[in-house]
Amino acid sequence: EGGVSILKFNNDKGRNGDSLSARPASVQRALSILEMEVEQINKGKYKHYMQKEIHEQPESLTTTMRGRLLRGGSCKAKTVLLGGLKDHLKTIRRSRRIVFIGCGTSYNAALAARPILEELSGVPVTMEIASDLLDRQGPIYREDTAVFVSQSGETADTLLALEYTLENGALCVGITNTVGSVIARNTHCGVHINAGCEIGVASTKAYTSQIVVMAMLALAIGGDTITKQERREAIIDGLFDLPNKIREVLKLDQEMKDLAKLLIAEQSLLVFGRGYNYATALEGALKVKEVALMHSEGILAGEMKHGPLALVDENLPIVVIATHDACFSKQQSVIQQLRARKGRLIVMCSKGDAASVCPGGGCRVIEVPQVEDCLQPVVNIVPFQLLAYHLTVLRGYNVDQPRNLAKSVTT
């Protein structure tokens, strides 16, 4: 009749020693209102939720940053304000190390943000896959800060790792997309990524929003260092401009559809990345695996000579991410070595770099806009999301509900 009541049995022992008395008690719960428009749940002009969520990324990133990036006049410094963390920033700065804990896409997002966090905070940053941390019973100390990354905030392995970390006395920080989720409630502090409702099982806009939140976390932690001020301001300017760069890269939609047509019958795909874009290689390969049901592998380009090079021939498609950053010359070397072995190359590079990454032609080039190096993974993942989407549609599989997978892994 329009009302709801929650009942639970009293655990107090009755007079006769029963562990449960038969009288159920009514439980009061705080009401949380979902501020959601019906349009957010409808597909609108798009055929699938995944397609809609890929194209929503300029707006979802704007929402993620709203009210958190402050850029005053000429005399005012550019700063980041994360309300959920401001009381704990001193503790995080004094940490012995920062440990990122997550699974799947959330782990990849943390991996993308790791270099900038190390650079700006000066604190060692380690990565843990939640299930592996529990399997090993890895050491967690009171002086550690553990950052739990989960879109749903209900991921079973991440929750178990949170319990384990709380028992060991570390400061626990949550980064989730779901207000009121278990991780949001049980961590000491945290940040909501505010990416909006994500319905497609393969995460797209939540991944890019997670990277942006962790970049802002790095800016907040490193906010008291004068030596890095110029770098911080360049990143903040880059963040303000990021939604426009994503709009630009979304124009590659037709180009990625054409590429998907070429790859439709392939059995396998390799993706080489390094530095900031190692995470992009892992996440791009994961997207192709998840929805297109095609074997793909993200490989650290520095490891190419330690085994993967044996796979290279004229048939196996290989994507090399070679956008402009500190690793650019190393990636050029990787491209030369793959071309010398007649590798079938697809190169992702910054706009205007096509001639230098692939002199004389002979490989397919995807040009993406140039942004600040630590934000480049946000731009670079979008063509992979589009490629995975078009491959799936062309191969006739279900885009929004891939075989054997669920949106929130709670078991």
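The values are calculated or read from the model by the stated rules, or taken from the named source; none is laboratory data. Please read these numbers as outputs of a predicted model, since none were measured by experiment. Every residue, glycine as well, gets a Cβ built from its backbone with ideal geometry; the counts of neighbours run over all protein chains shown. Accessible surface areas use protein heavy atoms only, side chains included; no ligands, DNA or RNA. Shrake-Rupley method; radii C 1.70, N 1.55, O 1.52, S 1.80 Å.
Between Gln337 and Arg403, the modelled label-to-label distance comes to 3.5 nm, taking each label 7 Å out from Cα in the direction of the beta carbon. Fully extending the segment from Lys45 to Glu248, taken as 0.36 nm per residue of separation minus the present Cα-Cα distance, adds 71.1 nm.
The simple Förster model, with R0 at 25 Å and r as the Cβ-Cβ distance, assigns Arg142 and Arg185 a FRET efficiency of 0.70.
The chymotrypsin sites (Phe, Trp or Tyr not before Pro) of the stretch 36-127 include none that DSSP puts in a loop with a beta carbon having at most 12 other beta carbons within 10 Å. Mean residue ellipticity, 222 nm, helices only, the chain: the sum of -39500 (n - 2.57) across DSSP H runs of n ≥ 4, divided by residue count and rounded to 500, is -12500 deg cm²/dmol.
With the other protein chains left in place, how much accessible area per residue, in square angstrom, belongs to the chain at a 1.4 angstrom probe? Using a 1.4 Å probe on heavy atoms only, each residue of the chain averages 47 Å². In loop segments of the stretch 364-411 as defined by DSSP, the trypsin sites (Lys or Arg not before Pro) with at most 11 further C-beta atoms inside 10 Å of their C-beta are Arg403. Length, then width, then depth: along the principal axes, the Cα atoms of the stretch 217-362 run 51, 31, 30 Å.
Between Leu316 and Ser131, the FRET efficiency estimated from the beta carbon spacing at R0 = 41 angstrom works out to 0.85. Based on the convex hull around the alpha carbon atoms, the stretch 38-224 presents an average projected area of 11.2 nm².
For the stretch 152-181, backbone nitrogen atoms closer than 17 Å to the point 7 Å from Val27 Cα along Cα-to-C-beta are found at 180-181.
Here, P(r) means the percent of Cα pairs in each 20 Å bin from 0 to the largest distance; for the chain it is 25, 55, 17, 3, 0. A simple charge model with +1 on the Cβ of Lys and Arg, -1 on the Cβ of Asp and Glu and nothing else charged puts the dipole of the stretch 86-133 at about 300 debye relative to its Cα centre. Among the GluC sites (Glu not before Pro) found in the stretch 302-411, those both in a DSSP coil and sparsely packed, with 11 or fewer other Cβ atoms within 10 Å of their Cβ, are Glu314. Taking the charge dipole of the stretch 38-224 about its Cα centre, with +1 at Lys and Arg Cβ atoms and -1 at Asp and Glu Cβ atoms, the residue from Gln210, Thr145, Ile98 reaching farthest to the positive side is Gln210.
To the nearest ten degrees, helix 156-167 and the longest principal axis of the Cα atoms of the chain are 60 degrees apart. Quick check: at a probe of 1.4 Å, how many percent of the accessible area of the chain sits on carbon and sulfur atoms? In the chain, the share of accessible area belonging to carbon and sulfur is 50 percent.
Applying 0.36 nm per residue to the separation of Lys90 and Ser5 and subtracting their alpha-carbon distance, the gain on full extension is 26.4 nm. Across the stretch 110-186, the mean sequence separation of Cα contacts (distance under 8 Å, 6 or more residues apart), normalised by length, yields a relative contact order of 30 percent. For the peptides 230-237, 206-213, residues were scored by their other Cβ atoms within 10 Å and the scores averaged per peptide; the highest-first order is 206-213, 230-237.
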